[in-house]
Amino acid sequence: MAEVRDEVAWADDAGFHSFWLSQIFGVDPLVALAAVGSSASRLEELGTSVVPLTGRHPLALAAQARTLQSALDGRFTLGIGASHQIVSEGFFGEPYANAFARTREFLAALMPLLAGEPVDVEGAHIFAKGWLEIEAAPVPVLLAALGPQMLDLAGRVTEGTSLGSCGPRTISSFIVPTIQAAALDAGRPAPRIVALVGVCATGDVVRLRAGVREQNVMYDSFASYRGALDREGVESGADLLVAGSEMEIIDGLRRYVDAGVTDLRISIVARTQDERAGTKEFLAHALRQ
């Protein structure tokens with residue numbers, strides 16, 4: 001939590017529009033954002049990207065999200081995802097074979113609750129009947145999606161998608177047209193497309209990528225990430241890092257924007273404390289410009 005407090009304070013001071021926390025093996029992002037959100041008054045949005053649906057129930061998650069929305073005065077966005085087979089089956093003992101069907105039923109129960117409405121869902125995977133008495137603004141939802149079914153669901157039901165391990169070529173040729181077509185067909189507004197981009201100001205890009213490639217062996221093997229990386233034509237998420245000089249970073253981020261991304265979720269990926277500090281200094285300077 002000390003690291004979360006430091007990072008959100010830096011983001012608030014630097015002039016970022018939003019701050020995002022993911023959930024892997026670290027702090028619970030919903031709890032963490034509740035703890036630090038009030039101290040980050042200039043941030044327009046605080047969000048999770050992403051909270052796995054594995055091990056959760058729609059009524060419980062909706063109660064957490066609406067409570068957090070109330071605490072943050074309407075600045076909260078809930079990013080969720082179906083997680084991965086190794087997590088669902090290896091950690092929770094939940095079958096992953098029906099991940100899409102479960103996600104679809106989960107959203108059918110979750111979305112009304114987040115809007116302050118009662119729910120009555122009795123599906124093959126999700127049973128949820130009830131309501132919440134929590135005064136809060138509706139909670140926007142982003143669904144992590146890399147495949148055609150999840151992208152279609154995200155466009156039809158949620159405010160958009162949150163992407164990881166996904167490069168600009170794949171975003172422009174596949175992600176954007178797929179999710180936009182689904183939203184248009186459902187009569188929904190144009191979806192948000194939030195892309196995670198690893199950034200580092202460094203003079204040794206080769207060594208940086210080599211180190212990240214070693215760290216990413218497990219993640220690069222996850223089926224959804226592997227499919228996106230293969231579609232992009234790269235071997236590892238390390239190959240998607242936007243790294244090098246300040247101009248190379250600006251050009252790399254611009255490629256994501258040109259691809260159709262609406263929001264850049266920037267993660268600093270550095271080998272040393274000096275690289276991290278230099279990257280932070282560059283990003284804060286770029287925001288002032």
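The values are calculated or read from the model by the stated rules, or taken from the named source; none is laboratory data. Everything quoted here is computed from the prediction, not taken from an experiment. A quick note on method: Cβ atoms are made from the backbone with ideal geometry, for glycine too, and the neighbour counts reach across all protein chains shown.
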So, of the residues in segment 184-197 that are surrounded by fewer than 23 Cβ atoms within 10 Å (Cβ to Cβ) and not basic (Lys, Arg), which turns out to be nearest to residue 286 (Cα to Cα)?
196
Can you find even one residue in segment 237-247 that is among the β-branched types (Val, Ile, Thr), in contact with a helix residue (DSSP H, G or I) (Cβ under 7 Å, 6 or more places away or on another chain) and more than 13 Å from residue 208 (Cα to Cα)?
no
Report those helices (runs of 4 or more DSSP H) wholly inside segment 64-174 carrying at least 2 residues which are farther than 25 Å from residue 186 by Cα and at pLDDT below 95.
85-90
Unique match (being surrounded by fewer than 18 Cβ atoms within 10 Å (Cβ to Cβ) and in contact (Cβ under 8 Å) with a residue 40 or more places away in the chain) among 251, 258, 274, 263
258
Within segment 40-62, the residues that are outside any strand (DSSP E or B) and farther than 11 Å from residue 72 by Cβ are 42, 53, 54, 55, 56, 57, 58, 59, 60, 61, 62
Restricting attention to segment 64-82, and to residues there that are in contact with a helix residue (DSSP H, G or I) (Cβ under 8 Å, 6 or more places away or on another chain) and among the small types (Gly, Ala, Ser), which single residue is farthest from residue 115 (Cα to Cα)?
82
Does residue 116 meet the test of being more than 23 Å from residue 20 (Cα to Cα), out of contact with any Ser or Thr (no Cβ under 6 Å at 6 or more places or on another chain) and among the small types (Gly, Ala, Ser)?
yes
Could you say which residue among 3, 7 is acidic (Asp, Glu) and touching a residue at least 12 places away in the same chain (Cβ under 8 Å)?
7
